[in-house]
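Student: Quick one: structure below, then a few questions.
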Amino acid sequence: MTQPQAGTVAGRQMVQQLLMAHAPLRSDVAALRKGLEVLDAATTRAEEIEELLGGLTVADLTWQLKVGCQHFCAHLDAHHTIEDARMLPVMQHRFPELSGQIGRLRREHEEVRVRDVAFRRSCHRSMA
């Protein structure tokens, strides 16, 4: 499977997904560096460390769900794209009696794709 080029729609979507997932992680790395400084200080209190760790993006369940769902949706979209482009045309040609079911699958794939786009937009707005 070829990798999408950055100038294509798929490439730009991949870049956006990477940026959305990694920006909060960079913030977490900065917070962890600060935590290491706190650990080095003679006045370290356990509450400071707990507060620091609790404030990390990766500790946020909402963030974890958004990233996990986006990952799942990307794989589901790739799966449907491959089915639509490669498997369903072969099935249609070899088993014309299944055209009704194949048509239903194509419609369902499109419905999932539309919902996925709406979900990704929602995540992008909420993670920005």
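The values are calculated or read from the model by the stated rules, or taken from the named source; none is laboratory data. This one's a predicted model, so the numbers in the text were calculated from it and none came from an experiment. When we count neighbours, we look across all protein chains shown, and the Cβ atoms used for this are built from the backbone with ideal geometry, even at glycine. These area figures cover heavy atoms from the full protein model, side chains too; ligands, DNA and RNA do not enter into them. Shrake-Rupley method; radii C 1.70, N 1.55, O 1.52, S 1.80 Å.
Student: Does ALA78 satisfy the criteria of being over 30 Å from ARG107 (Cα atoms) and either at pLDDT below 75 or assigned to a helix (DSSP H, G or I) (or both)?
Tutor: Judged against the criteria, ALA78 is not a match.
Student: Out of the stretch 93-110, which residues are charged (D, E, K, R) and surrounded by 11 or more Cβ atoms within 10 Å (Cβ to Cβ)?
Tutor: Correct list: ARG104, ARG106, GLU108, GLU110.
Student: How many of the residues in the stretch 87-128 are within 30 Å of GLN64 (Cα to Cα) and of a type in the set (Gly, Ala, Ser)?
Tutor: Residues in the stretch 87-128 being within 30 Å of GLN64 (Cα to Cα) and of a type in the set (Gly, Ala, Ser): 4 in total.
Student: Restricting attention to the stretch 52-67, does a residue exist that is at pLDDT below 70, assigned to a helix (DSSP H, G or I) and either surrounded by fewer than 12 Cβ atoms within 10 Å (Cβ to Cβ) or out of contact with any His (no Cβ under 8 Å at 6 or more places or on another chain) (or both)?
Tutor: Scanning the stretch 52-67 turns up no residue that is at pLDDT below 70, assigned to a helix (DSSP H, G or I) and either surrounded by fewer than 12 Cβ atoms within 10 Å (Cβ to Cβ) or out of contact with any His (no Cβ under 8 Å at 6 or more places or on another chain) (or both).
Student: Only one of these is among the charged types (D, E, K, R), at pLDDT 90 or above and open to solvent by less than 90 Å² (accessible area, probe 1.4 Å): ASP84, ASP116. Name it.
Tutor: ASP84
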